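Take a look at the following structure, please.
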Amino acid sequence: MGKRSRPRISAVTSHWSTGRRVAFLAAVLAVLLAGAGFAAYITTGGGKGFAPAAKPSASAPPTRSGTSAPASATATGTVSPPPRLSDPLAYGRAAAVMLWSYDTRATTRDQQLAGMHAWMTTETKYTDWTSIQAQVPDPLLWSRMHDQAQYATATVSQAHFPSAFKQALAEDPAALTEAYIYAVTVTGKQTIAWKDGGGGAEDRSVTLAVQCRPSADCALVAIAPNTAP
């Protein structure tokens, strides 16, 4: 899978309803990017972290209550736990590695979902679990990947705030202080391998919404459908 195109944010989101925009990041990114264009842009799904394309499952997401510790390794398989970071760029880098990494040899699909859910913000007003859950192949495809002993590792080359986000923030710095959600674009490489020596690698990029409130650890909010420059 190649890199996804990078259209202007206004072109991507012009057809979305005001209600859907306001439902997510209404008081923050709606102001930052003039009319909530980025809010809709960031909540419509994301680039695939897995090599095979797959439809999201209709199963309910794993639950996460309060600010309790991440689930045990048994419950989350090989998915790394969320780091305790207060820097949105550093958290975005770590989240991208998590999203682009998996090991069907040692992790079930339910464990993968539980591990990913541990990275999410607990503020239901903002969280978009659907865009994260959509990264995981459906049960049948996951089973086939397991049969092939497929796994992936990832490295990150850089992370930055998209230009539109920086420009809007410069114009109205106070707009960020409602939900403290940042747009972070991350680029890197995913390496995939399977049994009998099969494998390959590809460059990857993704734009994430990351929440980093003062005096609190960062958390993942959503994945954008396209990468913002």
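The values are calculated or read from the model by the stated rules, or taken from the named source; none is laboratory data. Computed from a predicted structure; not experimentally measured. Here Cβ is always computed from backbone atoms with ideal geometry, including for glycine, and neighbour counts include all displayed protein chains. Accessible surface is based on the protein model in full, side chains and every heavy atom, while ligands, DNA and RNA are left aside. Shrake-Rupley method; radii C 1.70, N 1.55, O 1.52, S 1.80 Å.
Does T108 meet the test of being polar (S, T, N, Q) and either over 30 Å from D196 (Cα atoms) or in contact (Cβ under 8 Å) with a residue 60 or more places away in the chain (or both)?
Working: polar (S, T, N, Q): yes; either over 30 Å from D196 (Cα atoms) or in contact (Cβ under 8 Å) with a residue 60 or more places away in the chain (or both): no.
When the stated conditions are applied, T108 does not pass them.
Those residues that are out of contact with any Pro (no Cβ under 7 Å at 6 or more places or on another chain), aliphatic (A, V, I, L, M) and surrounded by fewer than 22 Cβ atoms within 10 Å (Cβ to Cβ), I need them from region 129-151; list them, please.
L140, A149
Inside region 110-183, counting only helices (runs of 4 or more DSSP H) that do not spill past its ends, which hold 2 or more residues that are over 13 Å from the mean Cα position of the chain (by Cα)? Even if it seems obvious, please write down each step before you answer.
Numbers: elements: 129-133, 139-147, 163-171.
Here the list reads 139-147, 163-171.
Here is a check on your reading of the model: is A164 touching a Leu at 6+ places or on another chain (Cβ under 9 Å), touching a residue at least 40 places away in the same chain (Cβ under 8 Å), open to solvent by less than 30 Å² (accessible area, probe 1.4 Å) and not β-branched (V, I, T)? If you could, list the steps in order and put the result at the bottom.
Details: touching a Leu at 6+ places or on another chain (Cβ under 9 Å): yes; touching a residue at least 40 places away in the same chain (Cβ under 8 Å): yes; open to solvent by less than 30 Å² (accessible area, probe 1.4 Å): no; not β-branched (V, I, T): yes.
Spelling it out, it is not the case that A164 is touching a Leu at 6+ places or on another chain (Cβ under 9 Å), touching a residue at least 40 places away in the same chain (Cβ under 8 Å), open to solvent by less than 30 Å² (accessible area, probe 1.4 Å) and not β-branched (V, I, T).
Quick one: would you say R109 is modelled with pLDDT of 95 or more, under 18 Å from Y180 (Cα atoms) and charged (D, E, K, R)? Reasoning before the result, please.
Working: modelled with pLDDT of 95 or more: yes; under 18 Å from Y180 (Cα atoms): no; charged (D, E, K, R): yes.
Answer is no for this residue.
I need the full set of residues from region 143-170 which are aromatic (F, W, Y) and within 17 Å of D87 (Cβ to Cβ), in order please. Lay out the reasoning, then the answer.
Going through region 143-170, the residues aromatic (F, W, Y) turn out to be 151, 161, 165.
The answer is F161, F165.
Taking the conditions exactly as written (out of contact with any strand residue (DSSP E or B) (no Cβ under 9 Å at 6 or more places or on another chain), in contact (Cβ under 8 Å) with a residue 12 or more places away in the chain and either of a type in the set (K, R) or part of a loop (DSSP other than H, G, I, E, B) (or both)), does R93 satisfy them or not? Show your work before the answer.
Details: out of contact with any strand residue (DSSP E or B) (no Cβ under 9 Å at 6 or more places or on another chain): no; in contact (Cβ under 8 Å) with a residue 12 or more places away in the chain: yes; either of a type in the set (K, R) or part of a loop (DSSP other than H, G, I, E, B) (or both): yes.
For R93, the condition - out of contact with any strand residue (DSSP E or B) (no Cβ under 9 Å at 6 or more places or on another chain), in contact (Cβ under 8 Å) with a residue 12 or more places away in the chain and either of a type in the set (K, R) or part of a loop (DSSP other than H, G, I, E, B) (or both) - is not met.
Tell me, which residue of region 185-229 that is surrounded by fewer than 18 Cβ atoms within 10 Å (Cβ to Cβ) and basic (K, R) is farthest from A164 (Cα to Cα)?
Within region 185-229, the subset surrounded by fewer than 18 Cβ atoms within 10 Å (Cβ to Cβ) is 187, 189, 191, 193, 195-203, 213-217, 229.
After this cut, where a residue has to be basic (K, R) as well, the list is 189, 195, 213.
Numbers: K189: 24, K195: 43, R213: 21 Å.
Per the stated criteria, the residue is K195.
Still on this structure, please answer the following. Answer yes or no as to whether W119 is surrounded by 20 or more Cβ atoms within 10 Å (Cβ to Cβ), touching a Lys or Arg at 6+ places or on another chain (Cβ under 7 Å) and either closer than 24 Å to T227 by Cβ or free of Cβ contacts under 8 Å to residues at least 40 places away in the same chain (or both). Can you show your working first?
Working: surrounded by 20 or more Cβ atoms within 10 Å (Cβ to Cβ): yes; touching a Lys or Arg at 6+ places or on another chain (Cβ under 7 Å): no; either closer than 24 Å to T227 by Cβ or free of Cβ contacts under 8 Å to residues at least 40 places away in the same chain (or both): yes.
No; evaluated as a whole, the condition is false for this residue.
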